[in-house]
């Protein structure tokens, strides 16, 4: 006996999500059948709407309903600073801080020779085009502190600095509230390198 | 900044699934945006169809597109034996074995005084009604080997035996291919209790 067709199709769909295998997908599918009808309908609508109504901003690459996105359109933001991130989720994290008032640029990935991701495969050409306006004074590189994130930061820095634009990188060091005892060597090294006078 | 509305709605929907918290839901939602349009549409359709086209068999409680389900309708199956399971997924597991030719009864739960689940809250009354036909000769209780599963098995056994119907329980013991070294005490105890002459 196989699962009835509607449930096996739903299992297949759940299995296309990252980190969900056959057993979890079956569990989710059976759970779905017992969910409230409204919740299931809302879920289906949300899927369609997320795919249909969302796009990437043609200026910064952030996820948005309108193009350009509301950050790019906001006249109150500092147009002289662009913060470069790997992923739209990173924009949300930085916006939650409510401190940064500049613009963003979402790379949608990092350079990775191993995976064959070169500068043309991520949003580096569109960043360079944006920098050709006189307005941009500083590019803050906020790629992750992974090997690829660091390499991408280095690549961008070498590309942008000759144009006379200031390039900075987010500080790496000990997380606030963390114990030195549990910090890894590289984080500690970065913390020592980036020490500041009191 | 909050997420754009289509994505925050999708995150809310993903969070209604069991075992998916805020971070995983956000990750799945962003993943969905990058999925192929066809896959997302299929996913939405599968959700609606699983909820709309599937029902529980009015006889055995198994999940089905048609009522009664194809197992209950199958004239070739042994109508003298009913195997009682907690969950529709258990029916699939037993059918995969391709050995069992009797009928099923899905309880949709187990007795649990702690959670206030009594006999009327699960499909025990409908099981008793089925047993009132002369045909049933044996009830095989295949609830899980948890405290609640065992208590439910015991309860059913006391309820059914006086009617002169044979009541059996699936054997518990060492899994095939498992090491005695790693077996828990209760499994080992069951394996000793249920030992068979060679």
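So the values come out like this:
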| read-out | value |
| --- | --- |
| Selection status of residue B:104, surrounded by fewer than 20 Cβ atoms within 10 Å (Cβ to Cβ), within 18 Å of the chain's Cα centre (by Cα) and under 30 Å from residue A:20 (Cβ atoms) | no |
| Residue among B:110, B:114, B:91 that is in contact with a helix residue (DSSP H, G or I) (Cβ under 9 Å, 6 or more places away or on another chain) and under 17 Å from residue B:59 (Cβ atoms) | B:91 |
| Leading residue by the ranking (farthest from the other protein chains (Cβ to nearest Cβ)) among those in the stretch A:58-88 that are in contact with a helix residue (DSSP H, G or I) (Cβ under 6 Å, 6 or more places away or on another chain) and under 20 Å from residue B:5 (Cβ atoms) | A:60 |
| Test: residue in the stretch B:99-112 that is facing another protein chain (nearest Cβ under 10 Å) and more than 30 Å from residue A:102 (Cβ to Cβ) | yes |
| Any pair with Cβ under 6 angstrom, 6 or more apart, that starts in the stretch B:30-51 at a residue that is within 7 Å of chain A (Cβ to nearest Cβ) and ends at one that is assigned to a loop (DSSP other than H, G, I, E, B) | B:31/A:18; B:33/A:54; B:39/A:16 |
| Test: residue in the stretch B:92-99 that is more than 28 Å from residue B:148 (Cβ to Cβ) and crowded, with 16+ Cβ neighbours inside 10 Å | no |
| Test: residue in the stretch B:13-32 that is within 30 Å of residue A:53 (Cα to Cα) and out of contact with any helix residue (DSSP H, G or I) (no Cβ under 9 Å at 6 or more places or on another chain) | yes |
| Test: residue in the stretch A:186-193 that is in contact with a strand residue (DSSP E or B) (Cβ under 6 Å, 6 or more places away or on another chain) and either closer than 20 Å to residue A:79 by Cα or not assigned by TED's automatic domain parsing to the domain that holds residue A:103 (or both) | no |
| Scan of the stretch B:29-71 for residues that are buried (at least 21 other Cβ atoms within 10 Å of the Cβ) and within 18 Å of the chain's Cα centre (by Cα), ordered by number | B:50, B:51, B:54, B:57, B:60, B:61, B:62, B:63, B:64, B:69 |
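The values are calculated or read from the model by the stated rules, or taken from the named source; none is laboratory data. Owing to the predicted nature of the structure, the values given are computational and were not obtained by experimental measurement. For neighbour counting, all protein chains shown are included, and Cβ atoms are generated from backbone atoms with ideal geometry for every residue, glycine included.
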